[in-house]
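What follows is calculated from the coordinates using simple rules that are stated; it is not laboratory data. As the structure is a computational prediction, the values presented were derived from the model and not from experiment. Positions of Cβ are backbone-derived with ideal geometry, glycine not excepted, and every protein chain shown enters the neighbour counts.
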C-alpha cells in the first residue's frame with residue numbers, strides 16, 4: 001500500500017522533471033475528462049479503484065489479480081468498474097502518465113495505463129521517465145509534439161489535481177490502491193481474488 005503526500009502537483013510541474021521539452025506546445029488531443037470505466041453501467045455492483053501510476057502495489061494488482069477479476073465479473077456484466085486517478089510520489093510522473101493516457105483517447109486509456117504499470121521498474125531503474133512515457137504515448141498514436149503539449153497542459157493538470165483533492169476530501173483516500181464497492185470503502189491495499197469474491201458477494205446482497 002502506497003501512501004500519498006499532501007503536497008499536490010504544482011501547475012506545469014511536469015516540465016520540472018524534464019518530462020516535456022516545454023518548448024512551443026503543439027496541437028494535442030484534449031485530455032478526456034471524467035471517470036474511466038469498463039463494464040455494463042447496469043451491473044448490480046459498482047466497483048471503484050483509486051490507484052496511482054507510480055504505485056508498485058497498484059501495478060502488481062493490475063498484473064496479478066485484475067485480469068482474472070475482469071474476466072469473471074466485468075466481462076460478464078456483474079460488475080461495473082471505474083478507475084480513479086490518484087497521485088503518489090513521484091507525483092509529477094504519475095500525473096504525466098495519466099495525462100498521456102487520457103490524451104491517447106478513451107479507447108486507449110486502459111492499455112496506456114497498463115503499459116505504464118508494466119514499465120514502472122524500467123522508469124525507476126533508468127530514471128528516464130520522459131523517454132518511457134513518450135514511447136508509450138507514441139505506441140498509442142501520439143506524436144512527440146502532442147505528448148509534450150499534453151503533459152504540460154495546465155488546464156488538464158489542474159483538473160487532475162481537483163480530482164485528487166476531491167478524493168481526499170469526500171472519500172478520505174490517502175493510500176493506493178483503495179477499493180470501494182457500491183460506495184463503501186472495502187480496503188486500502190492490494191486485494192486478492194478471494195477478497196474480491198467476498199466483497200462482490202457482500203455488495204450483491
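Take the alpha carbon gyration tensor of segment 86-205, find the square roots of its eigenvalues, order them as a ≥ b ≥ c, and report rounded if a/c is under 1.5; if not, report prolate when a/b exceeds b/c, else oblate. Provide the component values of the computation, followed by the final result.
Numbers: a/c = 2.08, a/b = 1.73, b/c = 1.20.
The shape class here is prolate.
Please work out how much length the chain gains when fully extended from residue 60 to residue 138, using 0.36 nm per residue of separation minus the C-alpha to C-alpha distance, in nm with one decimal.
Details: separation 78, 0.36 × 78 = 28.08 nm, distance 2.42 nm.
My answer for the length gained is 25.7 nm.
If a/c stays under 1.5 just call it rounded; otherwise compare a/b with b/c (prolate if a/b is bigger, oblate if not). Do that for segment 112-171, with a ≥ b ≥ c from the square roots of the Cα gyration tensor eigenvalues.
Details: a/c = 2.33, a/b = 1.45, b/c = 1.61.
It comes out oblate by the Cα gyration axes.
Within 10 Å, count the other beta carbons around each residue, average over each peptide in 148-157, 90-99, and list them highest first. Don't jump to the answer; show the numbers that get you there.
Working: 148-157: 22.0, 90-99: 26.0.
Taking the mean over residues of other Cβ atoms within 10 Å, the ranking is 90-99, 148-157.
Report the label-to-label distance for residue 195 and residue 126 in nanometres (one decimal), using points 7 Å from each Cα along the Cα→Cβ vector.
3.2
Rounded, prolate or oblate: pick one for segment 39-88, where a ≥ b ≥ c are the square roots of the eigenvalues of its C-alpha gyration tensor, a/c under 1.5 means rounded, and failing that, prolate if a/b is larger than b/c, else oblate.
Taking the square roots of the gyration eigenvalues as a ≥ b ≥ c, segment 39-88 is oblate.
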